[in-house]
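Undergrad: One structure coming up, written as structure tokens, with questions to follow.
Here, each number is a calculation from the coordinates, and none is a lab measurement. From a predicted model like this one, the values you see are computed outputs, not experimental measurements. Neighbour counts run over all protein chains shown; Cβ positions are idealised from the backbone, glycine included.
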Amino acid sequence: MAYANLIVETRDHVGLVKLNRPEALNALNQELLGELNEALMKFDADDRVRCIVVTGSEKAFAAGADIKEMSEKTAVDMFRLDFFADKSRGVERTRKPIIAAVAGYALGGGCELAMMCDFILAADSAKFGQPEINLGVIPGMGGTQRLTKAVGKAKAMEMCLTGRFMGAEEAERAGLVSRIVPAAKLMEEAMAVAAKIADKSPIATMAAKEAVNRAFETNLAEGVMFERRLFHGLFASEDQTEGMAAFVEKRAPQFRGR
Ligand code: HXC
């Protein structure tokens, strides 16, 4: 299916979504986010896809929500639309791992979108920021919460209050991104990491994602119990039998997602 603001393809077991609104540095408007929602839900329902990569261009992952579109809106419009909650739900609902491959600007809603993904692989050109304060507003897609959890209060507060951007190295030091790669290698590396994840049991990768995400929602004892129950449950999967048999037999496992 062709999208107006995305390029979507599947390579082996990896689903790739490229945000494609170059004239606006991939600013997120309702149409683009609606399409992203749809593309992710399709990948989530497609058994061939085991890992997803979301990326932008060399210059911008996304420079934020579309300010021109937002500037026309009233508080009632924003409330009625539940602005971007509905449209970004696809990212949060996707059960398969999603890697954000970020080069250039990831600002405002762009930074928030990247943080909604499961982890961020950054090009050395990446710049993260929550500059909404310069527009007389604040982040509205989880930035104050996810950035604070990722980098701690001091940096999150400074970024949200001043609009200062964070470069890739600082973002890695602060724990916002998993790794930095040279910009020219970003997609090659992101696809390689995604392929590595796609080689695992898709049941186990979904369980791992749920368990890690639980750490953000609950206390340690509950989180550990949740993890243990998922761990126990995985012993009902053929992939667990196969994974452990393959180790014992000194061969590569063939995971089938059952
Ligand atoms: C709409 C945008 C845009 C945005 C860039 N453009 N960002 N359009 N919304 N967020 C458009 C510009 O208007 C311009 O189009 C074209 O993209 C290129 O941008 P330039 O500014 O000319 O590029 P440059 O000088 O390189 O500066 C890059 C930049 C700057 C630093 C990223 O564009 C910028 O500051 N953008 C806004 C970043 C921002 O404030 N983001 C937060 C948005 S609020 P034209 O046609 O004019 O040439 C937000 C809230 C999220 O995200 C919460 C939602 C619920």
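Undergrad: Looking at the range 231-258 only, could you name the residues that are in contact with a Pro (Cβ under 8 Å, 6 or more places away or on another chain), surrounded by 14 or more Cβ atoms within 10 Å (Cβ to Cβ), part of a helix (DSSP H, G or I) and of a type in the set (A, V, I, L, M, F, W, C)?
TA: ALA246
Undergrad: Name the single residue, out of those in the range 127-144 being among the small types (Gly, Ala, Ser) and over 15 Å from the mean Cα position of the chain (by Cα), that is farthest from the ligand (Cβ to nearest atom). Quick ask: steps written out before the conclusion?
TA: Start the filter on the range 127-144 by keeping residues that are among the small types (Gly, Ala, Ser), which leaves 129, 136, 140, 142-143.
Narrowing further to those that are over 15 Å from the mean Cα position of the chain (by Cα): 129, 136, 140.
On the way: GLY129: 8, GLY136: 10, GLY140: 3 Å.
Selected residue: GLY136.
Undergrad: Identify all residues within the range 74-91 that are of a type outside the set (Lys, Arg), surrounded by 13 or more Cβ atoms within 10 Å (Cβ to Cβ) and either more than 9 Å from the ligand (Cβ to nearest atom) or closer than 11 Å to LEU33 by Cβ (or both); write none if there are none.
TA: Those that are of a type outside the set (Lys, Arg), surrounded by 13 or more Cβ atoms within 10 Å (Cβ to Cβ) and either more than 9 Å from the ligand (Cβ to nearest atom) or closer than 11 Å to LEU33 by Cβ (or both): LEU81, PHE83, PHE84, ASP86, SER88, GLY90, VAL91.
Listed here are the residues, each with its yes/no results for (1) touching a residue at least 60 places away in the same chain (Cβ under 8 Å); (2) surrounded by 19 or more Cβ atoms within 10 Å (Cβ to Cβ); (3) in contact with a Lys or Arg (Cβ under 6 Å, 6 or more places away or on another chain).
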position	(1), (2), (3)
VAL14	yes, yes, no
LEU19	no, yes, no
GLU23	no, no, no
ASN26	yes, yes, no
GLU31	no, no, no
GLU35	no, yes, no
LEU40	no, yes, no
ASP46	no, no, no
ARG50	yes, yes, no
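Undergrad: So which of GLU92, GLU31, GLU23, GLU132 is closer than 21 Å to LEU176 by Cα, assigned to a helix (DSSP H, G or I) and out of contact with any strand residue (DSSP E or B) (no Cβ under 9 Å at 6 or more places or on another chain)?
TA: Testing whether each residue is closer than 21 Å to LEU176 by Cα, assigned to a helix (DSSP H, G or I) and out of contact with any strand residue (DSSP E or B) (no Cβ under 9 Å at 6 or more places or on another chain) leaves just GLU92.
Undergrad: If GLY223 passes every condition in (1) touching a strand residue (DSSP E or B) at 6+ places or on another chain (Cβ under 9 Å); (2) surrounded by 17 or more Cβ atoms within 10 Å (Cβ to Cβ) but one, which one does it miss?
TA: Exception for GLY223: condition (1).
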